[in-house]
1. Treating region 6-150 as a set of equal point scatterers at the Cα positions, no solvent, please give the Debye-formula log₁₀ I(q)/I(0) at q = 0.11, 0.14, 0.17 Å⁻¹.
2. Taking the Cα centre of region 125-245 as origin, sum charge times position over the Cβ atoms of Lys and Arg (+1) and Asp and Glu (-1), and report the length of that vector in debye to the nearest 20.
3. With unit charges on the beta carbon (Lys/Arg positive, Asp/Glu negative), name the residue among Phe236, Phe128, Thr210 whose Cα is farthest towards the positive pole of the charge dipole of region 116-245.
4. Using the Cα atoms of the chain to build a convex hull, what is its mean projected area in square nanometres?
5. Can you tell me the dipole magnitude for the chain around its Cα centre, using point charges on the Cβ only (Lys, Arg +1; Asp, Glu -1), in Debye to the nearest 20?
6. Starting from the Cα of Ser239, step 7 Å along the direction of its Cβ; do the same at Gln75; then give the gap between the two resulting points in nm.
7. Apply the Karplus curve 6.51 cos²θ - 1.76 cosθ + 1.60, θ = phi - 60°, to the phi angles in region 143-148 and return the couplings in whole Hz, x for Gly and Pro.
8. Can you compute the label reach from Val203? Point 7 Å from Cα along the Cβ direction, backbone N cut-off under 14 Å, restricted to region 167-182.
Amino acid sequence: MTAPIGTTELLICTIARLLDGCRHVIVGASSPIPGAGALLARERSGGQLRVNVLGSRRHNSFTNGGVETFDMAAQGRVDAFFLGGGQIDGEANINLVGTGEYPAVDVRWPGSFGSAYLYFLVPRVILFRDEHSRRVFVPKVDFVSAPGWSAPGVHRPGGPWKLLTPLGLFAFDRARRRFSLESVHPGHTVEEILDNTGFEIDVPRHVAETALPGDDVLAMLRGTIREQVAETYPRFAASMAGTAR
């Protein structure tokens, strides 16, 4: 009998599904859930999906990850990438710098690095956060590390596509600069999402429940993918085994 699916596993399987149809996905360092999702998508594609997990030796063909990531994105050779932020607002602006009035921020985060560059170039940027709260999803970010939208006439082939959190999956309308709720994860509600989101979102009359993976996909995740993830994230891989988190 298959063990019940946990939140982490659901997020990984949802990411894998979102990557259907992609040719090449790059995952940044210190991103175990997106990394596991990308590896699962590759396994499901029969190896047709190219995956580079920065920081990995076995699942990364790059020799200089940052440089090659930026070069390939500029050439249109990256289909999907993941971004997060200490803050994300309703126009999909992300803040990776800190809270408070810049430059005298109250809390300092690692920094923007190449987030704005990749946000402009990669067509399917999936925003991912493992916390869904008003602390993260704010009315307006304190600092724009990477803008979610651009003025007319700005060449921008890339941008926000989906937002995935432990509560639900959202789509982003670039023309209207708004998120809409696409599905709610099992065990959660629309009201819970609205209560924990600091900006307005569009909610359709009927909101689907996030699809659960089949037993074959779960077996793949708990077997082959867990072994692959362990190379880069051993503690995370150990926590995946039979969890219902």
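1. -0.42, -0.68, -0.97
2. Here region 125-245 has a charge dipole of around 460 debye.
3. Toward the positive end, the furthest listed residue is Phe128.
4. Mean projected area for the chain: 13.7 nm², to one decimal.
5. Taking the Cα centre of the chain as origin, the dipole is about 560 debye.
6. 3.6 nm
7. Whole-Hz 3J(HN,Hα) from phi for region 143-148: 8, 8, 6, 8, x, x.
8. Counting backbone N atoms under 14 Å from the label point, the list is 168-169, 180-182.
The numbers here are math on the coordinates, done by the rules we state, and not lab data. Treat the numbers as computed from the prediction; the structure is a model and nothing was measured. Note: ideal-geometry Cβ built from the backbone for every residue, glycine included; neighbour counts use all protein chains shown.
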